[in-house]
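Notes for the one structure printed next.
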Amino acid sequence: MRTDQHRQPATAMSGIRNLGILAHVDAGKTTVTERILYTTGAVHKRGEVHDGTTVTDFDSQERDRGITIFAAAVSCSWDGHRINLIDTPGHVDFSDEVERSLRVLDGAVAVFDAVAGVEPQSESVWRQADRHGVPRIAFVNKLDRAGADLDAAVASIRERLHAAPLVVQLPIGREDGFTGVVDLLRMRSFTWADGCDSAEEGPVPEDLGEEAQQRRRLLEEAVAELHPVALEEFCTRATLSARTLAGALRDLTRTGEGVVVLCGSAYRNRGIEPLLEAVVDYLPSPSDVPAVRGTLDGAVQERAADAAAPFSALVFKVNSTGTGRLTYLRVYSGTIEKGGVVLHAGTGRTERIGRILRVQADRHAEVDRAVAGDIVAVVGLKTACAGTTLCAPSAPLVLEPPMAADPVVSAAVEARRSTDSDRLAAALARLVEEDPSLAVRTDPETGQTVLSGMGELHLEVAVEKIRRAHGLEVNVGRPQVAYRETVARGVSGSVFRHVKQEGGAGQFAHVVLDVEPLEAGPDGVGDGGPERFAFRSTVVGGRVPKEYVQAVEAGCREALTEGPLDGHPVTGLRVTLTDGATHPKDSSEVAFRTAGRLALRAALQACVMTLLEPVVEVTVTVPGDAVGAVLGDLAARRGRAPPSGAEWRSPGSPGSTSRSPNWSS
C-alpha cells in the first residue's frame with residue numbers, strides 16, 4: 001500500500017522516523033502501538049491490553065491497572081524505514097513522561113476516540129507537542145464502536161485544538177459494519193475481512209463514489225488554501241494531482257499548518273497499514289528537522305543530524321533494572337560506539353559506554369554503535385539523569401533539558417520497620433532519579449519524609465513500586481499541615497524580669513514589650529520578610545544598651561518557633577521594646593537574649609491568637625462555558641478569585657505545597 005508511488009529510496013538518515021503515540025487515556029494508544037508492531041513483523045502475536053499481553057505495557061502495575069504508566073520505546077521496520085516508537089501515557093498524572101518523550105521526538109501520531117473526539121488530556125498533550133514544535137498526524141480510532149462519527153471527531157479537532165484537519169480517508173461502513181477506508185489521494189479502497197490481517201485493495205465502492213469525489217474536492221480546496229504550490233496548480237487545472245497533493249500534505253504536516261487525519265479500528269487491525277504509510281510519507285526524518293541548538297560558554301551553537309559531526313545526545317529517561325542501569329538517549333549528531341568515552345556536559349566528567357542497546361520495551365538487542373537520529377539505551381553511565389547532555393570530550397555542548405513539572409500532591413511516607421529507614425531513603429532516591437516529576441523532602445517542621453508527585457495515582461504507583469521492587473513495607477498518610485499562629489489582638493506594657501543568681505556572676509535583664517499584629521505590605525507578605533516579623537526599639541536614655549537590644553531581638557526570634565495555641569511557628573507580629581533596666585555586674589547579652597525569648601512567650605500567652613492555614617496560588621484554565629461552574633466549585637472550597645478572573649487563590653488542602661505560600665485564617 002502506498003500513497004505516493006514515486007517515493008524515493010530511503011537513505012540511512014531519511015529512513016528513520018522517531019515518533020510518539022499521544023492521546024487521552026483509553027483512546028487506544030497502546031493498541032495502536034501493538035498493531036504497528038504486529039503489522040511490521042516485530043511481534044508475531046497480537047497483544048491485548050485487557051489480557052495484559054501487550055509489549056509496551058510490560059510493567060506489572062501497567063498490566064494490573066490496564067493503563068500505560070511509563071513511556072516505553074520500541075523499534076520496528078516498514079517499507080525500508082526504521083521506526084523508533086514511544087508509547088506515552090494518557091493519564092494526566094504521568095504527563096511528565098510525555099513531556100520528556102516529546103523533547104526527543106521528531107513527529108507524533110495523535111489518537112482520538114471516534115465517539116468521544118477530543119478529550120481533556122488530548123488537549124493537554126496537543127499543547128505539549130505545540131510547545132516542542134512536533135509535527136503530528138491524527139488517527140481517529142474505534143470507528144467500529146456504536147456512536148462512532150468521523151466528522152464529529154474531526155470537528156472537535158478543529159474547534160478545540162484550533163488545528164486545520166485534512167481528512168485523507170473516507171470510512172467504508174459505520175459502527176459495527178466498518179470494514180475499510182477509501183484513500184482519497186489515490187481514489188482506491190482498502191478493506192479488511194474478518195480474521196484477515198492484510199488489506200484488500202480495490203476500486204471505490206459504487207455507493208461511495210459520489211461522496212468520495214466530494215470529499216476529495218474538499219481536501220483539494222483545503223490544501224490549496226494553505227499551500228502556495230498547490231494553489232497555483234489548483235487555479236491552473238482546477239484539480240490537484242496525487243503527487244502534488246501528497247507533497248503539499250507532507251509540507252503542511254512538517255510545518256504544523258495542517259494535520260493529516262486518518263481513521264480505523266486498531267482493535268480489529270483495520271487502518272494500521274495506511275497509518276504506517278502516512279508516518280513514512282508525511283512525518284519528518286532526523287535530517288528533515290532543524291539542527292539541534294545548544295550552548296557553549298554562553299554562545300549558541302547548532303549541530304546538524306550528521307553521523308560525521310561531533311557526538312551530542314540528550315538523556316530523556318533512566319531506568320534501573322535487575323541487570324543494571326539503563327540510560328535512554330536520543331543521538332542528535334555524530335556517532336557513539338560501544339566502549340566509547342562521552343563527556344557529561346553538566347559536571348565535566350567523562351564516562352565510558354559499556355553497551356548500546358536497541359530497545360524493544362523490556363527486551364533489548366545489543367548493537368555496536370548508534371548514529372545521529374537513533375534512540376537507544378546505553379549501559380555503563382553512573383551519573384547521567386533525565387536532561388543530561390552527553391557529548392564528545394573534544395566538542396562540549398549543553399542541550400536544553402526537558403521542562404520539569406512541579407509536583408502538586410504530597411504524601412508522608414515512612415518505613416513500617418525502623419530498621420528499613422535507610423533502605424527506604426535509597427529507594428526514594430532511585431525513584432526520583434528515574435522520574436524527575438517526583439520530589440522527596442524532609443519537612444523541617446514536622447520531620448516527616450514527604451513524597452510529592454503529579455497526582456494521587458502517581459504517588460500510589462510510586463509507593464507500590466517501592467513495595468514490589470524493593471520489598472519494603474511502607475506506611476503512607478497525609479502530611480501534617482504546616483499551620484502558623486498569629487496575633488489577632490496584641491498587648492501593651494508586658495513586663496518581664498529575668499533574674500538568675502547562682503555561684504559567681506548572675507544574670508539580670510528587665511524588658512518591657514508591646515506586641516501587635518503586623519499589617520501586610522503591598523506585596524501581601526508584610527514587613528520583615530517571608531516570616532512577617534518586625535522588631536523595633538523605642539527605649540530612650542540608654543536604659544538598654546544597643547548591644548542588648550540586638551540580643552532581645554534575637555531572643556524574640558527564637559520564641560517565634562513555637563506558638564501558644566498548638567506549638568506552630570508564629571508569624572505576622574510586630575514587637576516593640578519600650579523600656580528596660582540593666583545591672584552593673586549581672587547584665588549580659590546572654591541574659592537579655594534569654595529575657596527576650598521568655599518575655600515574648602509570656603506576652604503571646606496574654607495576646608488573642610489565631611490559627612492560620614496555608615494558602616497557595618494556582619492558575620486555572622477552563623473553557624468559557626465552564627467558568628461559572630468552576631467559580632462555584634472554587635467558592636465552595638473557600639477559593640478567592642482576583643478581579644481579572646485569570647488566577648485563583650485557594651487554601652491548600654492537607655499535603656498541598658507551594659514554593660511561596662501565604663497564610664490565611
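Label-to-label distance for A238 and N475 is 8.2 nm, based on points extended 7 Å past Cα in the beta-carbon direction. With all protein chains kept in place, the per residue accessible area of region 75-129 amounts to 21 square angstrom at a probe of 1.4 angstrom.
Which trypsin sites (Lys or Arg not before Pro) does region 532-590 hold that lie in a coil by DSSP with at most 16 other beta carbons within 10 Å?
Those that pass, being in a loop and sparsely packed, are R543, K585.
Each residue, C196 and T561, gets one label point 7 Å from its Cα in the Cβ direction; the gap between the two is 8.0 nm. Among the trypsin sites (Lys or Arg not before Pro) in region 274-361, those located in a DSSP loop and surrounded by at most 13 other Cβ atoms within 10 Å of their own Cβ are R349. Computed with a 1.4 Å probe over protein heavy atoms only, the accessible area of F496 comes to about 50 Å². For the chain, the longest principal axis of the C-alpha atoms and the axis of helix 421-434 are separated by about 40°. Per-residue packing, averaged as other Cβ atoms within 10 Å, sorts the ranges 564-572, 30-38 into the order 30-38, 564-572, beginning with the highest. For region 553-572, backbone nitrogen atoms closer than 20 Å to the point 7 Å from A505 Cα along Cα-to-C-beta are found at 553-555.
Annotation: per residue accessible area for region 311-397 equals 37 Å², rounded to a whole number [probe 1.4 Å, protein chains only].
Taking only C-alpha pairs under 8 Å that are 6+ residues apart, what is the relative contact order of the chain in percent? Don't jump to the answer; show the numbers that get you there.
On the way: 1465 pairs, mean separation 63.5, N = 665.
Contact order relative to length: 10 percent.
May I ask for the angle, rounded to the nearest 10°, between helix 272-282 and the longest principal axis of the chain, with both axes built from Cα atoms and the value confined to 0 to 90°? Once rounded, one gets 80 degrees. Measure up K45/K317; K142/K465; K45/K338; K338/K382 against 25 Å on the Cα-Cα distance and list the ones that go over. Check vs 25 Å cut-off fails for K45/K317; K142/K465; K45/K338.
For G66, neighbours were defined as the other residues whose beta-carbon sits under 11 Å from its Cβ, and their charges (Lys and Arg +1, Asp and Glu -1) total -4.
Computed over the chain, the per-residue total of -39500 (n - 2.57) for DSSP H runs of n ≥ 4 gives a 222 nm mean residue ellipticity of -8000 deg cm²/dmol, rounded to 500.
About the Cα centre, and with charges only on the beta carbon of Lys, Arg (+1) and Asp, Glu (-1), how big is the dipole of region 5-135? Nearest 20 debye, please. Walk me through the intermediate numbers first.
On the way: 13 positive and 19 negative charges, 127 e Å.
Around 600 debye, computed over region 5-135.
Whole-Hz Karplus values for region 86-101 come out as 10, 8, 9, x, x, 7, 4, 5, 10, 5, 5, 4, 5, 4, 5, 5 Hz, taken residue by residue from phi with 6.51 cos²θ - 1.76 cosθ + 1.60 and θ = phi - 60°; glycine and proline positions read x.
Between the helical axis of 589-606 and the longest alpha-carbon principal axis of the chain there is an angle of about 80 degrees. A straight chain from A395 to V432 at 0.36 nm per residue would run longer than the Cα-Cα distance by 10.3 nm. Projecting the Cα atoms of S287, G340, A308 onto the dipole axis of region 283-351, where Lys and Arg carry +1 and Asp and Glu carry -1 at the beta carbon, places G340 farthest toward the positive end. Of T327, T446, the order by accessible heavy-atom surface (1.4 Å probe, DNA, RNA and ligands excluded), from most exposed downward, is T446, T327.
Residue ranking by accessible heavy-atom surface, 1.4 Å probe, largest first, among H498, H50, H44 comes out as H44, H50, H498. Ordering S60, M13, T40 by the projection of their Cα atoms onto the charge dipole of region 1-152, which places +1 on the Cβ of Lys and Arg and -1 on the Cβ of Asp and Glu, puts M13 at the extreme positive end. Taking a sphere under 15 Å around the Cβ of V544 and counting the other residues whose Cβ falls inside, with K and R at +1 and D and E at -1, yields a net charge of -1.
Measure off, as a whole percent, the carbon and sulfur share of the 1.4 Å-probe accessible area of the chain, all protein chains present.
On the way: 14610 of 29920 Å².
In the chain, the share of accessible area belonging to carbon and sulfur is 49 percent.
Across region 557-568, rounded Karplus estimates of 3J(HN,Hα) from the backbone phi angles (6.51 cos²θ - 1.76 cosθ + 1.60, θ = phi - 60°) give 5, 5, 5, 6, 6, 8, x, x, 6, 9, x, 7 Hz, Gly and Pro being marked x. Along region 461-470 the Karplus relation, 6.51 cos²θ - 1.76 cosθ + 1.60 evaluated at θ = phi - 60°, assigns HN-Hα couplings of 5, 5, 5, 5, 5, 4, 5, 7, 7, 10 Hz to successive residues, with x for each Gly and Pro. Remark: the chain carries a charge dipole of roughly 1860 debye about the Cα centre, counting +1 on each Lys and Arg Cβ and -1 on each Asp and Glu Cβ. Of the residues M187, M403, ranked by 1.4 Å probe accessible area with the largest first, the sequence reads M403, M187.
Summing Lys, Arg as +1 and Asp, Glu as -1, what charge do residues with Cβ under 10 Å from the Cβ of L184 carry, L184 excluded? Intermediate results must be reported in sequence, preceding the final value.
On the way: positive: R186, R188, R215, R216, R217; negative: D183, E220.
Net local charge, L184 excluded: +3.
Taking all protein chains as shown and a probe of 1.4 angstrom, T350 keeps an accessible surface of around 80 Å². For a straight C-alpha distance cut-off of 22 angstrom, the lysines reachable from K585 (same-chain residues fewer than eight places away being disregarded) are K500, K546.
The values are calculated or read from the model by the stated rules, or taken from the named source; none is laboratory data. Since this is a predicted model, take the numbers as computed values, not measurements. Using ideal geometry, Cβ is built from the backbone for each residue, glycine included, and neighbour counts are taken over all protein chains shown. Quick note on the areas: whole protein, heavy atoms, side chains included, nothing else; ligands and nucleic acids left out. Shrake-Rupley method; radii C 1.70, N 1.55, O 1.52, S 1.80 Å.
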